[in-house]
Amino acid sequence: MATNKPFIIRVAIQSPLRQLFDYVIPKTILEISPNQQPTSGCRVLVPFGRRLVVGLIVTCPETTDYDENKLKSIENLLDKSPLIPQELFALFVWAAHYYQHPIGDALFNMLPVTLRKAKPLSEPSTKYWQLTAKGKGLGENSLNRAPSQKALIGHLLKHGRLSHDDLIRLFPRNILHTLAKKDLIKDSEDVKAKVAIKIVLKQVPLSLNTAQKIVFAKIRYDDFRCYLLNGVTGSGKTEIYLRAIEDVLRQGKQALVLIPEISLTPQTQKRFSDRFNVPIVTLHSGLSDKARLIAWTDAKAGRASIVLGTRSAIFTPLEQPGLIVVDEEHDQSYKQQEGFRYSARDLAVIRARKENIPIILGSATPSIESLNNCVTKRYEQLMLPQRAGEALQPQWSIIDLKNVNIEAGIASTTLLAISETISNGHQVLIFLNRRGFAPAIICHHCGWAADCHSCDTKLTVHRARNRLICHHCDYQQAIPKHCPNCMSHDLVPMGEGTEQSEDYLKRYFPDTNIMRVDRDSTRKKGAMQTVFNEVERGEPCILIGTQMLAKGHHFSNVTLVVVLDADSGLFSPDFRSQERLAQLLTQVAGRSGRGQLPGRVFIQTHQPEHPLLESLIHKGYNTLAIDLMTQRRQYELPPYRHLAVIRAESQWAKTAETFLHHARATAQKICPASESITYLGPLPAMLEKRAGRYRFVLQINVTQRSMLQNLLTQLNHVLESYKGSKKIRWSVDVDPQEI
């Protein structure tokens, strides 16, 4: 490259703009590190408008479409080497384009929060304490009046240098500070080193049954393969994960394991740490920015052998990737629903292909998309049709709510079964996917109902907090003492929530431990772990909760599972609603009878003869899924066609609707409606008004992904220049999970 030619870089800025920006790097900066040229994935500090902002280098083009003399110079090069390996960074750029999100915002959302700022990436270090010369020279009778200080000094005399974390587990922090002030101890820091693993296992693996042996023997590690591990609940899928991870660790490689919920982290991490003698890190939104950066850096440097995380962990770089596992692959939470609307499961498959490593997608209720990929031979399906060990599948019973007495959502027949289970010394899990005391409150005299002023929904009663709360915008108010319409004091809660059912059960079973598990009851750190510890004791108890209880948990003494309201998903207009209901019921039912005791499942419904319930109970999820696949093909829905939804919201309904009419008209000029592409809408969203904004959607249904991508790329360019864009929030959702 000629020395007089400027070094041009194309940079992504964290902004809603769907473009990159060209800058030049001054020679003075390049001369500082002549052997380390800037490249894709490095951060730079650049002038942007009147501010200095952090940017990410995406490419280093030879030329620019702009006048080179007018390009701004960067202020500083923040990284000497890329934060992310080149192939992985290229995948992230591809993901931003595929999901049609502003590239700068997408790329920065893939980084830990700390790295989005103009701070250098420093290697994590470990803090150590040791005795000073003065501390080593203390006499035997020194510090007799301060026994704790003397004990700490004696500990360091015996062991030499010890880490800060080890010491604060034994002594209060203030003692360390006191001794440091007396110049008796001093601290130092060492960069964390990669630990050589000589013994991989702490614990002997469980014995595999015949089906598990057949499945495990089919897994290969030498190149990319996508395995769909389709096993009934309790069939030992996790043991297959553990065996596969063991094989990868013995090759000196790393494993990335995705789980759908933060609540599953403690139990999953414990199972992994009990089995393996290797460093394990977790990545999820519940961590502090500092903790998340340390875990991310340990994974990147290869110091962490196993990376366990929720959705966003898919963006974590690994030094030696060997295996990706996506547990509960069907789970809707793998799809980001706001901002950068990526699918972690789908990106995991593409990443595994890019890195030429195997990936295991596990589920007792695989998604229709994954099952179709098995039909088309993209994935290899591995079946575990029976529960592991001596456990049997639970027996299902339908409780027809039309013919029984009901109180707090619990039928009299169900109550007798709960009482019998508790009397036998076993545990009960009750599922109700509505938190709070009641979904609404109304006036018995005039019919007034407490509505949210900002959303098209009723306010939920939370009696324990004496609040009415909107679960969509979090608006809150005190529960009124009288009706604001007719002044009557006869205000009646309508429907049931977990709080109400919990209160009723506590009155009916005063001597039984009853624990509610929902977003309200588990706000405090460690609350979920406390519940798990209590359940693992095996004492009779009743768990009542929402979807937080529905998946992944292993409660060996739960012998009765009750679904209080199975009807809520039977009549939704969303084409995925029946698939999701079947998955949810199967997953919840799978918590019963996982130990040596037989399990039962009670499904309460007003629709006992509904075809979905009939098929699910008598034929099982896999047969039902085949029927749903046939329906999807017939109605030209995913996975047989490809969807995108353009969403618009505004303080004025007409503004949002008009914008989408413009979007549809523009799209039809680019790709006229035909057998290959259809348009639906604009239509109001299922919850039209939310947080004071009216929401509308436009659906685009096409036969080929390439056609959809070409259309959206051109359409986005036009919509960005829409005159009234300041009054509208709009986004594109490719492969939407919610309509």
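The numbers here are math on the coordinates, done by the rules we state, and not lab data. All values derive from a computational prediction rather than experimental measurement. Neighbour counts run over all protein chains shown; Cβ positions are idealised from the backbone, glycine included.
Need one number: convex hull volume per residue for region 148-261, Cα atoms only, in Å³.
Per residue, the Cα convex hull of region 148-261 comes to 204 Å³.
Using every alpha carbon pair in region 351-412, what percent of pairs falls into each 10 Å bin from 0 up to the bin containing the largest distance?
Per 10 Å bin, starting at zero, the Cα-Cα P(r) for region 351-412 comes out as 15, 27, 21, 21, 12, 4 percent.
Using the crude model of +1 on Lys and Arg Cβ and -1 on Asp and Glu Cβ, and no other charge, please compute the dipole size for the chain relative to its Cα centre, in debye to 20. Don't skip to the answer; put the middle values down first.
On the way: 93 positive and 71 negative charges, 463 e Å.
Charge dipole, the chain, about its Cα centre: 2220 debye, nearest 20.
Considering all projection directions equally, how large on average is the shadow of the alpha-carbon convex hull of region 204-288, in square nanometres?
The Cα convex hull of region 204-288, projected and averaged over all directions, gives 6.7 nm².
Which shape class, rounded, prolate or oblate, goes with region 518-617 when its Cα gyration tensor gives a ≥ b ≥ c as root eigenvalues, a/c under 1.5 marks rounded, and past that a/b bigger than b/c marks prolate?
Verdict is oblate for region 518-617.
Assuming 0.890 mPa s and 25 °C, estimate D for region 210-360 with Stokes-Einstein, Rh taken as the Kirkwood radius over Cα pairs, in µm²/s. Please list the in-between numbers first.
Numbers: Rh = 15.5 Å.
Answer from the Stokes-Einstein relation: 158 µm²/s.
Going by average Cβ neighbours within 10 Å, how do the peptides 703-716, 470-483, 223-236 rank, with the highest at the top?
Listed from highest to lowest mean packing, they are 223-236, 703-716, 470-483.
Can you run the Rg to Rh ratio on the chain? Use alpha carbon positions and the Kirkwood inverse-distance Rh. Don't jump to the answer; show the numbers that get you there.
Details: Rg = 29.1 Å, Rh = 29.3 Å.
Reported Rg/Rh, Kirkwood definition of Rh: 0.99.
When the Cα centres of region 29-79 and region 365-400 are compared, how far apart do they sit, in Å?
Taking the Cα centre of region 365-400 as reference, the centre of region 29-79 is 51 Å away.
Out of all DSSP beta bridges in the chain, what portion is antiparallel? Express it as a percent rounded to 5.
Values: 66 of 118 bridges.
Just about 55 percent of them are antiparallel.
Based on other C-beta atoms within 10 Å, arrange Leu91, Leu131 from fewest to most.
Leu131, Leu91
For region 125-191, what value does the Rg/Rh ratio take when both radii are computed over Cα atoms and Rh is the Kirkwood radius, given to two decimals?
We get a ratio of 0.94 for region 125-191.
Would you tally the net charge around Gln607, using a Cβ to Cβ cut-off of less than 15 Å, leaving Gln607 out, and scoring K and R as +1, D and E as -1? Mind dumping the intermediate values first?
Values: positive: Lys402; negative: Asp400, Asp565, Asp567, Glu609, Glu614.
Within the 15 Å Cβ shell, the charges total -4.
Per Stokes-Einstein, at 25 °C and 0.890 mPa s, what whole-number D in µm² s⁻¹ belongs to region 423-570, with the Kirkwood radius over Cα pairs as the hydrodynamic radius?
Estimated via Stokes-Einstein, D reaches 147 µm²/s.
Loop sites only, by DSSP: take the GluC sites (Glu not before Pro) in the chain that have at most 10 other C-beta atoms within 10 Å and name the longest stretch containing none of them.
Longest run free of exposed loop sites: 391-608.
Taking the number of other C-beta atoms within 10 Å as the exposure measure, put Ile29, Ile214, Ile542 in order starting with the fewest.
Lowest to highest Cβ neighbour count: Ile214, Ile29, Ile542.
Quick one: Arg353, Arg632, Arg516, fewest Cβ neighbours within 10 Å first, how do they rank?
Working: Arg353 15, Arg632 20, Arg516 26.
Fewest to most other Cβ atoms nearby, the residues stand as Arg353, Arg632, Arg516.
Fully extended, how many nm does the chain gain between Glu31 and Asp451 (0.36 nm per residue separation, minus their Cα-Cα distance)?
Length gained between Glu31 and Asp451: 144.7 nm.
Would you mind checking the pairs Lys127/Lys150; Lys127/Lys524; Lys27/Lys72; Lys270/Lys354; Lys127/Lys202 and listing those with alpha carbons more than 24 angstrom apart?
Listed pairs above 24 Å: Lys127/Lys524; Lys270/Lys354; Lys127/Lys202.
So, R0 is 56 Å and r is the distance between the beta-carbons of Lys726 and Gln395; what FRET efficiency does that work out to, to 0.05?
Rounded to the nearest 0.05, the efficiency is 0.40.
What FRET efficiency do you get for Glu609 and Asp289 if R0 is 41 Å and r is their Cβ-Cβ distance, rounded to the nearest 0.05?
Computed FRET efficiency for Glu609 and Asp289 comes out at 0.20.
Evaluate Rg over Rh across region 7-116, taking Cα atoms for both radii and Kirkwood's formula for Rh.
Rounded to two decimals, Rg/Rh equals 0.94.
Sort largest first and round to whole Å: the equivalent ellipsoid semi-axes of region 642-734, each the square root of five times a Cα gyration tensor eigenvalue.
Three semi-axes, in Å: 22, 14, 10.
P(r) for region 439-494: what percent of alpha-carbon pairs falls in each 5 Å bin, starting at zero?
Once binned at 5 Å, the Cα pair distances of region 439-494 give 4, 23, 31, 25, 13, 3.
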